[in-house]
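Every number in this text was worked out from the coordinates using simple rules, so none of it is lab data. Keep in mind the model is a prediction, meaning the values are calculated, not measured. Cβ atoms come from the backbone with ideal geometry, glycine included; neighbour counts cover every protein chain shown.
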Amino acid sequence: MHRPTLSGRRAVAVGAAAALTLLAGCSNSSGGNGGTASATPTLTGDCAPFQAYAGHSGTTVTMFASILSPESDALERSWAKFSSCTGIKISYVGSNDFESQLPVRVTGGNAPDLAIIPQPGLLAQMVKTGKVVKPPAQTVANESKWAPIWKSYGSVDGTFYAAPMSANMKSLVWYSPKAFAAAGYQVPTTWADLMALSDKIAKSGKNKPWCGGIGSGTATGWPATDWVEEVVLGKYGGDVYDQWISHQVKFSDPQIIDSMNVVQNWMHNPAWVNGGFGDVSSIASTTFQDAGTPILTGKCSMLQQASFYEAQWPKGTTVGPNGDIWAFKLPAVNPSIPTPVEGGGEFVAAFSSRPEVQAVQNYLSTSEWATSRIKQAPGWVSANQGVDPSIYTDPIDQLSAKYLTDPSATFRFDASDLMVAAIGSGQEWKSFTAWFAQNQSVQKTAADIDAAWPQ
Amino acid sequence: MATPTRTGVRRAISSPLASFAVLLVTVVWTVPTLGLLVTSLRPQQDVANTGWWDFFAHPHLTLANYHDVLFNGGFGVQDGLMPYLVNSIAITVPATIFPIVIASMAAYVLAWIPFRGSDAIFFVIFALQVVPLQMALVPLLQLFSGGAHIGGVTIFPALGMGGTYAPVWIAHTMFALPLAVFLLHNFIAQLPRDLIEAARVDGASHFRVFRSIVLPLATPALASFAIFQFLWVWNDLLVGLTFTGGAPESAPMPSRLAQLSGSFGDHWEILTAGAFVSVVVPLIVFFSLQRYFVRGLLAGSVKG
């Protein structure tokens with residue numbers, strides 16, 4: 001018990017020194033700002049690219065989002081140059097209660113200037129309050145570098161409100177290239193191959209082919225919605241997927257039941273899951289963060305999870321085509337569907353039309369800002385086609401960007417984020433959790449969700 | 001009169017069986033806190049891979065989590081928890097003093113100044129405890145930021161207090177008053193009538209009686225309510241987050257703690273360290289006021 005005390009004292013000293021250095025850094029940069037603080041200044045040197053946003057020095061734009069440290073630190077660094085050149089301070093606040101706090105702040109009249117909204121459903125709810133301001137013309141123009149479907153996800157009732165800012169890809173299967181090579185397995189490129197490989201691994205008797213976890217606190221169940229969405233999109237295509245979101249195609253529709261049965265034979269298959277954890281019901285009690293760890297110990301071969309799962313691998317795990325961990329794209333169930341890609345993204349909505357707010361909004365919609373963000377830290381992808389794909393340093397980001405910017409891919413947004421909140425972030429989670437935890441039948445699960453759909 | 005019963009109780013409590021039961025409950029109740037403390041001292045890798053009890057088999061200790069919490073920034077704040085600690089103190093101290101001052105005066109008036117309708121007023125204040133504070137959050141926020149208007153007539157102006165502590169103080173004071181008035185009224189009403197009448201006969205004004213007799217005698221009740229209110233406000237996330245918007249200029253510590261676990265909830269070794277840092281101040285308050293605490297727990301709730 002003596003050693004920690006000593007190292008503690010040293011830690012305090014180091015911390016104090018670090019704080020002093022940071023303070024010194026701050027005062028220097030604010031001193032530098034003084035020179036550019038005249039009205040409509042001309043920005044020169046390496047500030048020249050920010051000329052279009054000049055003239056609002058000394059203003060502050062508040063921003064509210066669900067992104068927390070360390071991801072938010074990279075975000076703040078990405079616009080540090082913009083802020084120091086233009087003099088617009090961006091006051092960023094992240095909260096993991098974002099989804100419940102934003103409606104409270106907006107209806108309470110205390111809305112932030114900008115909000116980064118990850119769910120188009122929440123965007124629609126915010127637009128209904130009448131407080132969301134339409135984006136300036138420049139943002140609309142910049143947005144055209146994204147695939148057209150993104151514009152529809154940032155729109156409510158045909159009116160465009162929020163430009164996409166980031167994208168992530170969900171249609172990935174994580175596996176260990178080393179384990180695959182040792183056992184002589186090939187990466188499957190079709191659904192039939194994937195199923196055959198799963199069967200082969202199960203029959204080898206060494207380990208279960210799949211592991212999964214849908215535990216996520218109050219959001220428990222969401223990874224299971226992704227599995228069904230992947231199958232609906234990959235088997236019946238984008239049109240059925242869109243109609244399913246609007247409930248024109250019900251959960252009890254034969255096509256959705258069939259898709260759920262595909263998942264039943266895959267992630268609900270007692271012979272195939274849950275490698276390293278237990279039986280099928282352990283999927284409900286395992287957190288999604290932990291779900292992939294058995295792949296590293298050889299107790300499980302594959303995990304279907306989004307690109308952002310990369311952050312969950314322990315430090316020291318090499319992620320890459322020849323590393324400890326890598327991912328392949330989940331193949332389409334129906335080979336005639338062209339490259340189904342399910343993903344998510346974040347949208348920038350404005351609650352103020354002050355010129356400095358619009359300047360920030362414009363800047364965030366450019367490929368220059370996306371490039372600046374990508375250079376800060378891995379784990380972040382833009383589907384902006386103006387971004388040079390070679391600047392991604394992380395192999396998973398490269399892989400995701402390749403599919404997300406592919407014009408021939410069938411891209412669709414995560415369906416549960418688009419369905420009405422009572423279903424997409426409520427009943428669907430609950431019923432899917434019961435499906436796994438209590439071995440509830442597919443029919444009852446579908447019927448329960450349909451019954452809960454708000455009339 | 002109560003002596004036989006009291007010794008009976010004392011004997012029952014001091015029996016070995018009862019002592020053992022108390023000890024057992026204490027240990028069981030302390031285990032989660034111990035787990036939290038151990039987790040906060042373990043390296044990130046260990047926390048992610050094994051349960052805290054694994055520490056006893058593989059004791060690795062580190063203060064890195066505390067270092068991260070106290071000195072690593074985020075959200076444009078460079079010095080970790082310190083600004084939030086200052087905010088928390090700046091919110092909690094006034095939000096404890098305001099309701100005590102208002103409630104003790106109200107309790108005295110309701111208990112010792114007879115006037116028509118005093119019982120009804122006391123009953124209404126008491127009944128207000130039923131209103132859940134969650135219900136009042138959005139309307140109150142609207143009132144603070146936009147004021148209240150009926151058909152173009154402003155009844156209540158917008159206060160423009162965004163980014164300051166004032167909305168949090170007011171909200172906490174409002175939510176605390178019903179319980180505070182109820183507790184202090186019951187205590188103050190039981191002060192000896194002779195004492196107060198004697199003071200009145202000697203010509204003391206109500207304010208003099210309140211200041212020189214009621215306040216000193218009610219100290220245990222005031223202190224116990226102060227502890228309750230202090231702990232409640234200190235630990236409060238909902239009100240603080242709603243009325244400050246979570247901005248580092250005015251948000252209290254719990255709103256920062258809630259952010260510590262990271263976007264995907266994978267940094268809870270930092271969260272546990274943060275939780276322990278935030279526990280320090282309430283502990284100081286508790287130990288410095290604890291002699292009032294046990295006395296005050298019974299204050300106002302039972303006769304005698």
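Ignore the peptide's own chain and count Cβ atoms of other chains within 10 Å of each Cβ in B:138-146; give me the average, rounded. Present the calculation step by step, with values, prior to reporting the outcome.
On the way: counts 7, 2, 1, 6, 4, 2, 3, 5, 3.
For peptide B:138-146, the averaged partner shielding equals 4.
Assuming 0.36 nm per residue, please report the length gained on full extension of the stretch residue B:291 to residue B:60 beyond their Cα-Cα distance.
Details: separation 231, 0.36 × 231 = 83.16 nm, distance 3.80 nm.
Difference between extended and current length: 79.4 nm.
In 20 Å bins starting at zero, report the fraction of Cα pairs in the protein assembly as shown per bin as a rounded %.
Going out from 0 Å in 20 Å bins, the protein assembly as shown shows 14, 41, 33, 11, 1, 0 percent.
Which of the lysines could be linked to residue A:299 by a straight reach, that is with a Cα gap under 18 Å, when you skip same-chain ones fewer than 8 residues away?
Straight-line reach from residue A:299, under 18 Å: A:178, A:200, A:203, A:206, A:208.
What ranking, highest mean first, results for peptides A:438-445, A:395-402, B:34-41 when packing means the other Cβ atoms within 10 Å averaged over each residue? Each step should come with its number before you reach the end.
Values: A:438-445: 15.1, A:395-402: 21.0, B:34-41: 18.5.
Sorting A:438-445, A:395-402, B:34-41 by mean packing, highest first, produces A:395-402, B:34-41, A:438-445.
Against the longest alpha carbon principal axis of chain A, how many degrees, from 0 to 90 and to the nearest 10, is the axis of helix A:395-404 turned?
Taking Cα atoms only, the helix is inclined about 90 degrees.
If you count, for each residue, the other Cβ atoms within 10 Å and average over each peptide, how do A:136-144, A:101-109 line up from highest to lowest?
A:101-109, A:136-144
Check the straight Cα-Cα distances from residue A:151 and name the lysines below 22 Å, setting aside those fewer than 8 residues away within the same chain.
Qualifying lysines at Cα under 22 Å: A:128, A:131, A:134, A:170, A:402.
Using only the Cα atoms of region B:52-189, build the gyration tensor, take square roots of its eigenvalues as a ≥ b ≥ c, and label the shape rounded, prolate or oblate: rounded if a/c is under 1.5, else prolate if a/b is larger than b/c, else oblate.
Oblate shape, in that a/c is at least 1.5 and b/c is the bigger or equal ratio.
Within 10 Å of each residue's Cβ, count the other Cβ atoms and sort B:161, A:169 from fewest upward.
Neighbour counts put them in this order, fewest first: B:161, A:169.
Given H placed 1.01 Å from N in the peptide plane, which residues other than close sequence neighbours of residue A:61 have an amide H under 5 Å from its amide H?
So residue A:61 has HN proximity to A:89, A:90, A:91.
When Cβ neighbours within 10 Å are restricted to other protein chains, what is their mean count per residue of peptide A:100-110?
Whole-number average of other-chain Cβ neighbours for A:100-110 is 6.
Which shape class applies to region B:80-298: rounded if a/c is under 1.5, otherwise prolate when a/b exceeds b/c and oblate if not, where a ≥ b ≥ c are the square roots of the Cα gyration tensor eigenvalues?
Values: a/c = 2.64, a/b = 1.46, b/c = 1.81.
Oblate, since a/c reaches 1.5 and b/c is not below a/b.
Averaged across B:238-249, how many Cβ atoms of other chains sit within 10 Å of each residue's Cβ atom?
Counting Cβ atoms of other protein chains within 10 Å of each residue's Cβ and averaging gives 4.
Would you compute, from DSSP H runs of 4+ residues alone, the mean residue ellipticity of chain A at 222 nm, taking -39500 (n - 2.57) per run and dividing by the full residue count, rounded to the nearest 500?
Dividing the helical sum by the residues of chain A leaves -13000 deg cm²/dmol.
Calculate, for residue A:137 and residue A:334, the FRET efficiency according to 1/(1 + (r/R0)^6) with r their C-beta to C-beta distance and R0 41 Å; round to the nearest 0.05. Let's see the in-between values first.
Values: r = 41 Å, r/R0 = 1.00.
Efficiency for this residue pair is about 0.50.
Given the options B:145, B:288, B:14, state which has the largest fluctuation in a GNM of chain B using a 10 Å cut-off (strictly under) for Cα springs.
B:14
Measuring from label point to label point, each 7 Å out along Cα→Cβ, what is the residue B:49 to residue B:207 span in nm?
Spacing of the two 7 Å Cα→Cβ label points: 7.0 nm.
Can you tell me which of B:205, B:15, B:261 moves the most in a GNM of chain B? Springs connect C-alpha atoms under 10 Å apart.
Answer for the Gaussian network model of chain B: B:15.
Quick check for me: using +1 on Lys/Arg Cβ and -1 on Asp/Glu Cβ, what's the dipole size of region B:80-298 about its Cα centre, in debye to the nearest 20?
The dipole magnitude comes to about 480 debye.
Given axes a ≥ b ≥ c from the Cα gyration tensor, I'd like to know whether chain A is rounded (a/c under 1.5), prolate (a/b larger than b/c) or oblate.
prolate
Under 10 Å, Cα contacts only: if you run a Gaussian network model on chain B, which one of B:125, B:91, B:188 comes out with the highest mean-square fluctuation?
Highest fluctuation among the options: B:125.
Could you quote the convex hull projected area for region B:166-287, Cα atoms only and averaged over all directions, in nm²?
The number I arrive at for region B:166-287 is 9.7 nm².
What's the magnitude of the charge dipole for the protein assembly as shown around its Cα centre, counting Lys and Arg as +1 and Asp and Glu as -1 at the beta-carbon? Answer in Debye, nearest 20.
2180
Roughly how many nanometres apart are two label points built 7 Å out from the Cα toward the Cβ at residue B:93 and residue A:258?
7.0
If each of residue A:200 and residue B:161 carries a label point 7 Å out from its Cα toward its Cβ, how far apart are those two points in nm?
So the two model labels end up 6.9 nm from each other.
Net charge near residue A:233, counting Lys/Arg +1 and Asp/Glu -1 over other residues with Cβ under 11 Å of its Cβ?
It works out to a net charge of -4.
Which listed residue (B:252, B:85, B:220) has the Cα farthest towards the positive end of the charge dipole for chain B, taking +1 on Lys and Arg C-beta and -1 on Asp and Glu C-beta about the Cα centre?
B:220
Once the Cα atoms of helix A:367-376 and of chain A are each reduced to a long axis, what angle between those two axes, in degrees from 0 to 90 to the nearest 10, is obtained?
Between helix and principal axis, roughly 80 degrees.
In whole Hz and in residue order, list the ³J(HN,Hα) couplings for region A:144-155 that follow from phi through the Karplus curve 6.51 cos²θ - 1.76 cosθ + 1.60, θ = phi - 60°; x for Gly and Pro.
Whole-Hz 3J(HN,Hα) from phi for region A:144-155: 5, 7, 9, 4, x, 5, 5, 4, 5, 6, x, 10.
Hey, with R₀ at 25 Å, roughly what FRET efficiency would residue A:391 and residue A:181 work out to, going by the Cβ-Cβ distance, to 0.05?
So, using R0 = 25 Å, E works out to roughly 0.25.
Fewest Cβ neighbours within 10 Å first, please rank B:272, A:59, B:26 accordingly. Don't skip to the answer; put the middle values down first.
On the way: B:272 25, A:59 17, B:26 10.
Neighbour counts put them in this order, fewest first: B:26, A:59, B:272.
Neighbour counts of other C-beta atoms within 10 Å: give me B:179, A:68 arranged from fewest to most.
So the ranking, lowest neighbour count to highest, is B:179, A:68.
Quickly rank A:235-248, B:230-243, A:170-183 as a protection proxy: mean count of other C-beta atoms within 10 Å, highest first.
B:230-243, A:170-183, A:235-248
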